[in-house]
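Novice: Below is the structure I would like to discuss, written out as structure tokens.
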Amino acid sequence: MAQNLVIVESPAKAKTLEKFLGPDFFVKASTGHIRDLPVGALGVDLEKNFSPTYIILKGKEKIVKELKGYAAKAKRIFLAPDPDREGEAIAWHLAYILQENEKVRRIEFNEITKSAVLRAVENPRDIDMKRVEAQQARRILDRIVGYKISPLLWKKVRKGLSAGRVQSVAVRLICEREMLVQRFVPKEYWKITANLTKQDRKIIFTAQLLSKEGQNIEIKNKTEAEEILENLKDADFVVKEVKTREQKRNSPPPFITSTLQQDAARKLGFQAKKTMSIAQKLYEGVEISGEGYIGLITYMRTDSVRVSDEAIKEVRKYINEKISPQYLPKVPHVYKSKKGAQDAHEAIRPTSVFRTPELVKKDLTPDQYKLYELIWKRFVASQMKSAVLDITTADINAKNYVFRANGNFMKFDGFLK
């Protein structure tokens with residue numbers, strides 16, 4: 001009989017952990033939150049320091065009963081919801097329900113791999129009440145804003161409208177932006193571009209009108225544009241000056257939540273909700289041929305670009321062995337997180353870069369493969385050398401006008417390979 005109980009949120013994560021922990025552990029799922037504020041009432045005492053009243057969620061009674069039964073038999077109880085404020089709150093609610101304080105410890109892991117899970121079990125901790133209180137503050141604010149302001153909207157604006165801690169601020173930002181758009185006064189402007197070729201070549205390149213008699217030129221209307229074209233009739237276009245400079249293009253940092261959502265929308269056409277749903281599955285575990293259930297990426301809710309030393313060593317090894325030593329920088333790239341970032345978790349990365357997208361493609365759905373490939377490529381690129389380009393600018397005289405042509409040549413593709 002197993003002596004240890006591990007409680008996670010989702011059945012998918014439970015299945016992955018069971019494989020790692022062996023017969024001495026029961027792994028059970030709470031299927032998300034088990035307690036929350038009541039639906040039919042405010043649930044917050046505004047007169048007593050905003051004290052919340054929690055109830056067991058409808059439909060969770062059976063799960064609570066089962067978890068209590070397993071907890072009573074276990075010698076140790078490990079609470080392993082996600083490693084964020086929401087997960088900490090779930091752990092706190094579970095501890096309250098189970099009433100087994102002497103047995104209960106909190107564990108967390110940034111990736112669902114055997115080494116990470118076993119390391120977490122070996123290093124349990126107490127529940128972090130600062131995280132719990134942060135989640136409670138957010139939840140209470142959600143409830144107060146939603147339950148107090150929404151009825152006001154029904155009365156003053158229209159029935160069915162809702163207010164929210166985040167959505168109401170977002171609506172205001174959208175409205176302010178729309179007012180700026182409406183106040184914008186369009187201003188007509190014209191550009192003149194010449195299609196040019198060297199006398200002994202067939203290659204056509206473009207140059208844009210830049211200045212007249214040393215002064216930058218602004219073409220305000222069609223009449224001015226036609227006047228310039230008339231002046232340029234039969235003009236000789238002569239190269240005045242050519243400048244070439246070297247430019248480095250640095251690799252981007254690994255993904256955080258926001259940049260993953262942005263790139264998935266831009267490159268894959270995924271909405272944010274779809275991106276996070278797929279990422280959750282990749283994090284919790286997918287059945288991979290020859291390996292069983294394994295988490296393919298690190299935790300996907302993060303604002304940090306920090307990466308563990310082990311992951312840096314592995315990706316540098318991959319670049320050196322599988323791509324080419326010439327693409328490996330002398331020292332690892334270190335990226336700085338934005339000011340105000342919580343930095344609680346690593347950046348989003350594959351749990352092993354040697355588990356390439358092509359290697360696991362047959363075990364993933366098409367959308368899972370697309371998102372995993374996006375994450376994998378971004379992480380590998382983040383530790384490759386910069387690309388190097390030659391940027392060339394040519395100024396071309398035509399009578400008293402100057403046109404400018406720009407071009408670039410890739411000297412070294414670096415992370416763009």
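The values are calculated or read from the model by the stated rules, or taken from the named source; none is laboratory data. Here the structure is a predicted model, which means the values were calculated and not measured. Cβ sites come from the backbone with ideal geometry, for glycine too, and all protein chains shown count toward neighbours.
Novice: Going by the conditions given, is residue 347 over 25 Å from residue 115 (Cβ atoms) and either surrounded by fewer than 20 Cβ atoms within 10 Å (Cβ to Cβ) or touching a residue at least 12 places away in the same chain (Cβ under 8 Å) (or both)? I'd like the intermediate steps shown before the answer.
Specialist: Numbers: over 25 Å from residue 115 (Cβ atoms): no; either surrounded by fewer than 20 Cβ atoms within 10 Å (Cβ to Cβ) or touching a residue at least 12 places away in the same chain (Cβ under 8 Å) (or both): yes.
Considered against the rule, which asks whether it is over 25 Å from residue 115 (Cβ atoms) and either surrounded by fewer than 20 Cβ atoms within 10 Å (Cβ to Cβ) or touching a residue at least 12 places away in the same chain (Cβ under 8 Å) (or both), residue 347 comes out as no.
Novice: Separate question: Quick test for you: out of 353, 305, 380, pick the one residue that is out of contact with any His (no Cβ under 8 Å at 6 or more places or on another chain), surrounded by 18 or more Cβ atoms within 10 Å (Cβ to Cβ), touching a residue at least 12 places away in the same chain (Cβ under 8 Å) and more than 30 Å from residue 85 (Cβ to Cβ).
Specialist: The conditions single out 380.
Novice: Residue by residue through region 1-11, note down the ones that are surrounded by fewer than 18 Cβ atoms within 10 Å (Cβ to Cβ) and part of a strand (DSSP E or B).
Specialist: Quick first cut of region 1-11, residues surrounded by fewer than 18 Cβ atoms within 10 Å (Cβ to Cβ) only: 1-4, 11.
Hit for region 1-11 is 4, nothing else.
Novice: Out of curiosity, is residue 14 crowded, with 18+ Cβ neighbours inside 10 Å, farther than 30 Å from residue 148 by Cβ, of a type in the set (Gly, Ala, Ser) and at pLDDT below 95? Break it down into steps so the answer makes sense when it comes.
Specialist: On the way: crowded, with 18+ Cβ neighbours inside 10 Å: yes; farther than 30 Å from residue 148 by Cβ: yes; of a type in the set (Gly, Ala, Ser): yes; at pLDDT below 95: yes.
Answer is yes for this residue.
Novice: Here is a check on your reading of the model: is residue 359 at pLDDT 95 or above, surrounded by fewer than 16 Cβ atoms within 10 Å (Cβ to Cβ) and closer than 26 Å to residue 18 by Cβ?
Specialist: Considered against the rule, which asks whether it is at pLDDT 95 or above, surrounded by fewer than 16 Cβ atoms within 10 Å (Cβ to Cβ) and closer than 26 Å to residue 18 by Cβ, residue 359 comes out as yes.
Novice: Hey, another quick one. Here is a check on your reading of the model: is residue 172 of a type outside the set (Phe, Trp, Tyr) and part of a helix (DSSP H, G or I)?
Specialist: yes
Novice: To continue, here is another question. Given the options 283, 369, name the one that is outside the structural domain of residue 18 (by TED's automatic domain parsing), assigned to a helix (DSSP H, G or I) and without any contact (Cβ under 8 Å) to a residue 60 or more places away in the chain.
Specialist: 369
Novice: Separate question: Test of understanding: among 380, 360, 388, which residue is assigned to a strand (DSSP E or B) and either more than 30 Å from residue 237 (Cβ to Cβ) or of a type in the set (D, E, K, R) (or both)?
Specialist: Criteria check complete, one pass: 388.
Novice: For region 30-56, which residues satisfy the criterion of being crowded, with 18+ Cβ neighbours inside 10 Å, more than 17 Å from residue 132 (Cα to Cα) and aliphatic (A, V, I, L, M)?
Specialist: Scanning region 30-56 gives no hits.
Novice: Out of all the residues in region 242-265, which are over 23 Å from residue 384 (Cα atoms) and surrounded by fewer than 14 Cβ atoms within 10 Å (Cβ to Cβ)?
Specialist: 242, 243, 244
Novice: Among the candidates 112, 140, 127, which residue alone is without any contact (Cβ under 8 Å) to a residue 60 or more places away in the chain and either surrounded by 15 or more Cβ atoms within 10 Å (Cβ to Cβ) or touching a helix residue (DSSP H, G or I) at 6+ places or on another chain (Cβ under 6 Å) (or both)?
Specialist: 127
Novice: Looking at region 323-338, which of its residues are touching a residue at least 24 places away in the same chain (Cβ under 8 Å) and either not in a loop (DSSP other than H, G, I, E, B) or not assigned by TED's automatic domain parsing to the domain that holds residue 368 (or both)? Spell out how you get there, then give the answer.
Specialist: First, pick out the residues of region 323-338 that are touching a residue at least 24 places away in the same chain (Cβ under 8 Å): 323, 326-329, 332-333, 335-338.
Within region 323-338, 323, 326, 327 meet the criteria.
Novice: Going through 375, 396 one at a time, which residue ends up being in a strand (DSSP E or B) and either in contact with a strand residue (DSSP E or B) (Cβ under 8 Å, 6 or more places away or on another chain) or crowded, with 20+ Cβ neighbours inside 10 Å (or both)?
Specialist: On inspection, the qualifying residue turns out to be 396.
Novice: Which residues, counting only those in region 90-115, are aliphatic (A, V, I, L, M) and farther than 16 Å from residue 14 by Cβ?
Specialist: Start the filter on region 90-115 by keeping residues that are aliphatic (A, V, I, L, M), which leaves 90-91, 94-95, 97-98, 104, 107, 112.
Listed by number, the residues that qualify are 95, 97, 98, 104.
Novice: Testing residue 393 on (1) among the hydroxyl-bearing types (Ser, Thr, Tyr); (2) over 30 Å from residue 206 (Cβ atoms); (3) in contact (Cβ under 8 Å) with a residue 40 or more places away in the chain, one condition comes back false. Which one is that?
Specialist: Residue 393 satisfies all of (1) among the hydroxyl-bearing types (Ser, Thr, Tyr); (2) over 30 Å from residue 206 (Cβ atoms); (3) in contact (Cβ under 8 Å) with a residue 40 or more places away in the chain except (2).
Novice: Select, from 91, 71, the only residue that is assigned to a helix (DSSP H, G or I), touching a strand residue (DSSP E or B) at 6+ places or on another chain (Cβ under 9 Å) and closer than 23 Å to residue 344 by Cβ.
Specialist: Selected residue: 91, the only one of 91, 71 that is assigned to a helix (DSSP H, G or I), touching a strand residue (DSSP E or B) at 6+ places or on another chain (Cβ under 9 Å) and closer than 23 Å to residue 344 by Cβ.
Novice: Could you check region 17-55 and list, in sequence order, the residues that are of a type in the set (A, V, I, L, M, F, W, C), assigned to a loop (DSSP other than H, G, I, E, B) and in contact with a helix residue (DSSP H, G or I) (Cβ under 9 Å, 6 or more places away or on another chain)?
Specialist: Selection gives 34, 37, 41, 42, 46, 50.
Novice: Checking the structure you have, find out if any residue of region 116-129 is assigned to a helix (DSSP H, G or I) and of a type in the set (Lys, Arg).
Specialist: Applying the first criterion (assigned to a helix (DSSP H, G or I)) to region 116-129 yields 116-122, 129.
In the following step, the residues that additionally are of a type in the set (Lys, Arg) were identified as 119.
Scanning region 116-129, I find at least one residue that is assigned to a helix (DSSP H, G or I) and of a type in the set (Lys, Arg), so the answer is yes.
Novice: Which numbered condition in (1) in contact (Cβ under 8 Å) with a residue 12 or more places away in the chain; (2) under 30 Å from residue 289 (Cα atoms) is the only one that residue 42 fails?
Specialist: It is condition (2) that residue 42 fails.
Novice: So residue 341 clears everything in (1) outside any helix (DSSP H, G or I); (2) touching a Lys or Arg at 6+ places or on another chain (Cβ under 7 Å) except one condition, right? Which one?
Specialist: Of the numbered conditions (1) outside any helix (DSSP H, G or I); (2) touching a Lys or Arg at 6+ places or on another chain (Cβ under 7 Å), the odd one out for residue 341 is (2).
Novice: What tally of residues in region 205-240 results from selecting those that are in a loop (DSSP other than H, G, I, E, B) and surrounded by 13 or more Cβ atoms within 10 Å (Cβ to Cβ)?
Specialist: Of the residues in that region, 3 qualify.
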